[in-house]
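What follows is one structure encoded as structure tokens, with my remarks underneath.
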């Protein structure tokens, strides 16, 4: 019973994953519609990151199916990857390249022009003053901002964010929320792994709690998401769900 | 169109690897220094007799290059593993072999440069006189280096991400490189003494065939190795 | 020459049989351990239906 | 509903022990036969009898590595886990026969050549092949994830098999360009009969070994799959 393509942004059916003898995921099923922003909660080791990495095509599920816009993450990796913006727990930057060079590398890999757009992205995340400095000297928060700038280049329809707020200051958290909300309003879906709800207040539609490798709970966010006018949202949603 | 995208990605990876390597000079310098050190140790092992040194020069040179090269191959993936960069690298769309080819280009330049230093030192230390057929000798070195780098880059993609990477890479790589070593050493040896028996040609052909076969095979197999 | 050759021939066949029988015993033990583990997990003998 | 990892079934205990006993009996029979039929060689005395185990062991080793090649390719093509397990079983058995070939070669070499080891083309390339498959087995031991282990070792197995003719050629040249080529002396017909009979018996033993190792690997994986099913709590 595969739903028709692109009806759902993110979908998992009985996803299980084993590392050695340990079952980290024991059959997770969830669905995100286009435009939906969902927080993924759970204790350490509950399998949140593993689930995110499966959606991010970095791990294959041991059993079950994971889909991004109807594309199987284990089989149609190329189609999935062109939809994804993945922010891992580690920034994944090259320490000996400058901030701009890191973005340039990303742009070249994506087939994007590597010109003013890079500087604009760096300005947006507040790194305009260190464009030509090497990442090695950056603080953890600055590295996360740079990773965010790289994410912005992709204009992804699906955001997978693993504890995006860690190491960020208040302004950084606000920036992150702005970017997540923008993506949601444009009809993209976001799955955000969180260890506390506070920084994401007013951003999420829903929270899903993972416990012991299974979905334990799914409920509306305690602080409802701040939305633009409904008409715009409907239009954007329809556009995204094409 | 798609092909131009691939070429651009290959360029991006080679550029990124070389820039990183150039900025952390310590990496190249220490690998080259290790190559020279091993060469010196071979000199001690083979004794001060000039003729014995000359006879063993080709073998010592290639083994030094091999031992030093092994470090370079694992380093090439170290950059990707340090802060989870490989996760991001795999997230980009496009075929996986472009990652391999990009790294192959960067590693070839890296190992080629190291080889030049080791050869220069080796010629001096082992009292080798440069033969008239030195362009062929250069060709042998190029073909041998390519064989070394093709398999080294491929096996390091596995070894660098496993437990026991220090031992696993040489364990996998060295037996596979036996034909390269035999061919490169024999051909260099023959050319150094003037190739009286006309045997260098056969070895060069073998090297060329080896490089081609394993370049194609690793190109095909790389996706299976990097994707898990 | 004759006498010493017999020693080598005997050694060769001894090595062969030690290896064959030794590996056979090893394979047998490994299989029995695997089956015991299978019984512990599933509660029945291998091959009795319920392939997952 | 799709499942990324194809399941492996635990094979039921079948008549393989009988097969094992039969193949051992065959090995005894062929060895007795070849012992009785082979006259002592003029130069070598009784030494020729070593060839009845040495040469078939080498042939069986090649059969094993051919199986590794075929099933590694099939695993990468179809992604069925049992192909990977069969390739691994064949690699292990192949390494055993490879080691036997080497030891027997050395036992032959000591009286024949006066030394335990010569850098003869056959011995040397057999040794290189042995090292390649030691690497293969080491890799499997160092990697836990079944998918990763399967794909990595398949790649190593395929490249290793690809290397066999190249190693053989390079080692042969390396020897023959400087010395006389080492070739087997022509042998009487009766030797060949014994040789092929032993080869047949060795093939049976090989099939038995591979099957047992494969059964064990499948049972282990099936037990793991069963614990998966338990962990999923009936969630199919």
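Pick from D:14, D:21, D:57: which is within 12 Å of chain C (Cβ to nearest Cβ) and not in a helix (DSSP H, G or I)?
Values: D:21 fails: not in a helix (DSSP H, G or I); D:57 fails: not in a helix (DSSP H, G or I).
None of the others qualify; the one that does is D:14.
Evaluate segment D:80-96: report whether one residue or more is assigned to a helix (DSSP H, G or I) and over 21 Å from residue D:206 (Cα atoms). So far as segment D:80-96 goes, yes, one or more of its residues are assigned to a helix (DSSP H, G or I) and over 21 Å from residue D:206 (Cα atoms).
Please indicate, with yes or no, whether at least one residue in segment A:130-147 is in contact with a strand residue (DSSP E or B) (Cβ under 7 Å, 6 or more places away or on another chain), surrounded by 20 or more Cβ atoms within 10 Å (Cβ to Cβ) and under 22 Å from residue A:82 (Cα atoms). There is at least one residue in segment A:130-147 that is in contact with a strand residue (DSSP E or B) (Cβ under 7 Å, 6 or more places away or on another chain), surrounded by 20 or more Cβ atoms within 10 Å (Cβ to Cβ) and under 22 Å from residue A:82 (Cα atoms).
Only residues that are at positive phi and without any contact (Cβ under 8 Å) to a residue 12 or more places away in the chain: list them for segment B:195-228, please. Of everything in segment B:195-228, just one residue is at positive phi and without any contact (Cβ under 8 Å) to a residue 12 or more places away in the chain, namely B:198. If you take the residues in segment A:81-107 that are buried (at least 21 other Cβ atoms within 10 Å of the Cβ) and free of Cβ contacts under 8 Å to residues at least 24 places away in the same chain, which one is farthest from residue A:11 (Cα to Cα)? Taking the candidates together, the pick is A:101.
When each of A:53, A:75 is tested for being within 12 Å of chain B (Cβ to nearest Cβ) and at pLDDT below 90, the lone residue that passes is A:75.
Quick grid of which residues meet (1) part of a helix (DSSP H, G or I); (2) more than 7 Å from chain D (Cβ to nearest Cβ):
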{"site": "B:157", "(1), (2)": "yes, yes"}
{"site": "B:162", "(1), (2)": "no, no"}
{"site": "B:170", "(1), (2)": "yes, yes"}
{"site": "B:175", "(1), (2)": "yes, no"}
{"site": "B:180", "(1), (2)": "yes, yes"}
{"site": "B:184", "(1), (2)": "yes, yes"}
{"site": "B:201", "(1), (2)": "yes, yes"}
{"site": "B:211", "(1), (2)": "yes, yes"}
{"site": "B:221", "(1), (2)": "yes, no"}
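Each residue in segment B:42-54 was checked for being surrounded by fewer than 17 Cβ atoms within 10 Å (Cβ to Cβ) and within 18 Å of residue B:118 (Cβ to Cβ), and 2 of them qualify.
Within segment A:18-30, is even one residue in a helix (DSSP H, G or I), more than 9 Å from chain D (Cβ to nearest Cβ), closer than 30 Å to residue D:221 by Cα and touching a strand residue (DSSP E or B) at 6+ places or on another chain (Cβ under 8 Å)?
Kept after step one, since they are in a helix (DSSP H, G or I), are these residues of segment A:18-30: none.
No.
Being touching a residue at least 40 places away in the same chain (Cβ under 8 Å), in contact with a helix residue (DSSP H, G or I) (Cβ under 9 Å, 6 or more places away or on another chain) and within 14 Å of chain D (Cβ to nearest Cβ) holds for only one residue in B:111, B:118, B:128, B:150, and it is B:150.
For every residue, the table says whether it meets (1) crowded, with 24+ Cβ neighbours inside 10 Å; (2) more than 29 Å from residue D:218 (Cα to Cα); (3) within 12 Å of chain C (Cβ to nearest Cβ).
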{"position": "D:46", "(1), (2), (3)": "no, yes, yes"}
{"position": "D:52", "(1), (2), (3)": "yes, yes, yes"}
{"position": "D:67", "(1), (2), (3)": "no, no, no"}
{"position": "D:76", "(1), (2), (3)": "no, no, no"}
{"position": "D:84", "(1), (2), (3)": "yes, no, no"}
{"position": "D:89", "(1), (2), (3)": "yes, no, yes"}
{"position": "D:97", "(1), (2), (3)": "yes, no, yes"}
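May I ask you to verify whether residue B:185 is closer than 18 Å to residue D:121 by Cα, surrounded by fewer than 23 Cβ atoms within 10 Å (Cβ to Cβ) and in contact (Cβ under 8 Å) with a residue 40 or more places away in the chain? So that I can check it myself, show each step before the final result.
Values: closer than 18 Å to residue D:121 by Cα: yes; surrounded by fewer than 23 Cβ atoms within 10 Å (Cβ to Cβ): yes; in contact (Cβ under 8 Å) with a residue 40 or more places away in the chain: yes.
Taking the combined requirement at face value, the residue satisfies it.
Only one entry of D:65, D:33, D:75, D:97 meets the criterion of being in contact (Cβ under 8 Å) with a residue 12 or more places away in the chain and more than 20 Å from residue D:196 (Cα to Cα), and that entry is D:75.
Filtered by the rule that a residue be under 22 Å from the mean Cα position of the chain (by Cα) and either away from every other protein chain (no Cβ under 12 Å) or modelled with pLDDT of 90 or more (or both), segment A:111-134 gives A:117, A:118, A:120, A:121, A:122, A:123, A:124, A:125, A:126, A:127.
Every residue, every condition in (1) under 11 Å from the mean Cα position of the chain (by Cα); (2) crowded, with 19+ Cβ neighbours inside 10 Å, yes or no:
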| site | (1), (2) |
| --- | --- |
| B:65 | yes, yes |
| B:72 | yes, yes |
| B:78 | no, no |
| B:85 | no, yes |
| B:88 | no, yes |
| B:92 | no, yes |
| B:109 | yes, no |
| B:122 | no, yes |
| B:129 | no, no |
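Can you find even one residue in segment A:177-187 that is under 18 Å from residue A:33 (Cα atoms) and part of a loop (DSSP other than H, G, I, E, B)? Yes: segment A:177-187 contains one or more residues that are under 18 Å from residue A:33 (Cα atoms) and part of a loop (DSSP other than H, G, I, E, B).
Quick check on residue D:58: is it more than 30 Å from residue A:75 (Cβ to Cβ), at pLDDT 90 or above and more than 18 Å from the chain's Cα centre (by Cα)? So residue D:58 does not fit the description; no. Cβ-Cβ under 6 Å, sequence separation 6+ or interchain: first residue in segment B:155-179 and without any contact (Cβ under 8 Å) to a residue 60 or more places away in the chain, partner assigned to a loop (DSSP other than H, G, I, E, B) and surrounded by fewer than 24 Cβ atoms within 10 Å (Cβ to Cβ). Which pairs? Correct list of pairs: B:162/D:143; B:168/B:162.
Within segment D:159-177, being facing chain B (nearest Cβ under 9 Å) and modelled with pLDDT under 85 holds for D:173, D:174, D:177. Scanning segment B:90-101 for residues that are in contact (Cβ under 8 Å) with a residue 60 or more places away in the chain and at the interface with chain A (Cβ under 10 Å from one of its Cβ atoms) returns B:90, B:92, B:94, B:95, B:96, B:98, B:99. Would you check if residue D:221 is closer than 30 Å to residue A:23 by Cβ and at pLDDT 90 or above? Taking the combined requirement at face value, the residue does not satisfy it.
Taking the criterion of being under 17 Å from residue B:154 (Cβ atoms) and either surrounded by 22 or more Cβ atoms within 10 Å (Cβ to Cβ) or more than 9 Å from chain B (Cβ to nearest Cβ) (or both), the residues of segment D:124-142 that qualify are D:132, D:135, D:136, D:139.
Of the listed requirements (1) under 25 Å from residue A:9 (Cα atoms); (2) surrounded by 19 or more Cβ atoms within 10 Å (Cβ to Cβ); (3) out of contact with any strand residue (DSSP E or B) (no Cβ under 6 Å at 6 or more places or on another chain), residue A:182 misses just one: (2).
The values are calculated or read from the model by the stated rules, or taken from the named source; none is laboratory data. As the structure is a prediction and not an experimental result, all values here were calculated from the model. All Cβ positions, glycine included, derive from the backbone under ideal geometry; neighbour counts span all protein chains shown.
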